[in-house]
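Here is the structure we will look at, set down as structure tokens.
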Amino acid sequence: MPDKKLCIFNWSGGKDSTLALHYALQDPTIEIRYLITTVTEKYNRVSMHGVREALLIKQAESIGIPLYQIRLSEMPDMETYDSTMKHHLSKFKEEGITHSIFGDIFLADLRTYRENKLAEIGLKAIFPLWKKDTQHLIEEFLNLNYKTIIVCTQQNLEIFCGKVISLDLIRQLPPDIDPCGENGEFHTFAFEGPIFKNKITFTIGEKVFRTYNAPSKTTTDDDSPCSATALSGFWYMDLLK
């Protein structure tokens, strides 16, 4: 049997990350050393998702893979983001890491960006969900008995913020909204299912609205660059430990 690929897994804490990790853990050629998450230093929250660090830590402990946090300033420019990531990726390369795993589904520009940045370090990317139908993915996620709550939505989707995803809820989404929110329409926090040794408990906090002056490139399901409008507004549902 060939040597295993030593990997880091880019963990946002949401449903796509969860399903991609579910797949990766079943692949005998993959060994995952760390869950990598970017956290906004000022707020101690997962970048874009707004989930508190304490809940992120509870997820990693339940999964049983060491968590590695990359601390970022709020809305860093691309030069700062790229240099920070390059610094940490270089450290992983020195440890023998060869691959980085992502939960992206169909954003080709984003995939190219990731692959190019990894290639600068000598690493390769793995995309377990790539080009899979997003309606089928969300159905598979739910059929596997995973549970996830919407913690962030674009301004026009406020009514869905704070709701646990179900097939009925997916049917209620506007027709132009991807079932997995792959275009950044909404972000989630996964709290129960096969990869978790125990359910992640939390209570619902306050719902708040925030606007951002988006840089030339901004974020999708995690903290990763993609195109966006000049001003972006999001609703956040705070989850309390």
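The values are calculated or read from the model by the stated rules, or taken from the named source; none is laboratory data. Treat the numbers as computed from the prediction; the structure is a model and nothing was measured. We place every Cβ from the backbone using ideal geometry, glycine too, and count neighbours over all the protein chains shown. In case anyone asks, the SASA skips ligands and DNA or RNA and just uses the protein heavy atoms, side chains included. Shrake-Rupley method; radii C 1.70, N 1.55, O 1.52, S 1.80 Å.
When we screen K4, K15, K42 for residues that are within 24 Å of F189 (Cβ to Cβ) and at pLDDT below 95, the only hit is K42.
Evaluating Q26 against the criteria (1) touching a residue at least 24 places away in the same chain (Cβ under 8 Å); (2) surrounded by fewer than 19 Cβ atoms within 10 Å (Cβ to Cβ); (3) of a type outside the set (A, V, I, L, M, F, W, C) leaves one unmet condition, (1).
The number of residues in the stretch 93-117 that are open to solvent by less than 10 Å² (accessible area, probe 1.4 Å), touching a Pro at 6+ places or on another chain (Cβ under 9 Å) and closer than 17 Å to T37 by Cβ comes to 1.
For the stretch 56-69, filtered to residues that are in a helix (DSSP H, G or I) and within 14 Å of the chain's Cα centre (by Cα), the residue that is farthest from F196 (Cα to Cα) is L56.
Would you please name the residue that is surrounded by the most Cβ atoms within 10 Å (Cβ to Cβ), looking only at residues in the stretch 1-23 that are in a loop (DSSP other than H, G, I, E, B) and within 11 Å of the chain's Cα centre (by Cα)?
First, pick out the residues of the stretch 1-23 that are in a loop (DSSP other than H, G, I, E, B): 1-4, 11-14.
With within 11 Å of the chain's Cα centre (by Cα) added as a condition, the list becomes 11-14.
Details: W11: 28, S12: 31, G13: 25, G14: 27.
My answer is S12.
Checking each residue in the stretch 70-85 for being open to solvent by 50 Å² or more (accessible area, probe 1.4 Å) and not in a loop (DSSP other than H, G, I, E, B) picks out R71, E79, T80, S83. Applying the criterion of being over 17 Å from the mean Cα position of the chain (by Cα) and β-branched (V, I, T) to the residues of the stretch 104-125, the residue that is farthest from K5 (Cα to Cα) is T112.
The set of residues in the stretch 133-152 that are closer than 22 Å to K207 by Cα, of a type in the set (V, I, T) and touching an Asp or Glu at 6+ places or on another chain (Cβ under 7 Å) is empty. Residue check: T37 meets all listed conditions (1) under 23 Å from C152 (Cα atoms); (2) open to solvent by less than 10 Å² (accessible area, probe 1.4 Å); (3) in a helix (DSSP H, G or I); (4) touching a strand residue (DSSP E or B) at 6+ places or on another chain (Cβ under 7 Å) but one, namely (3).
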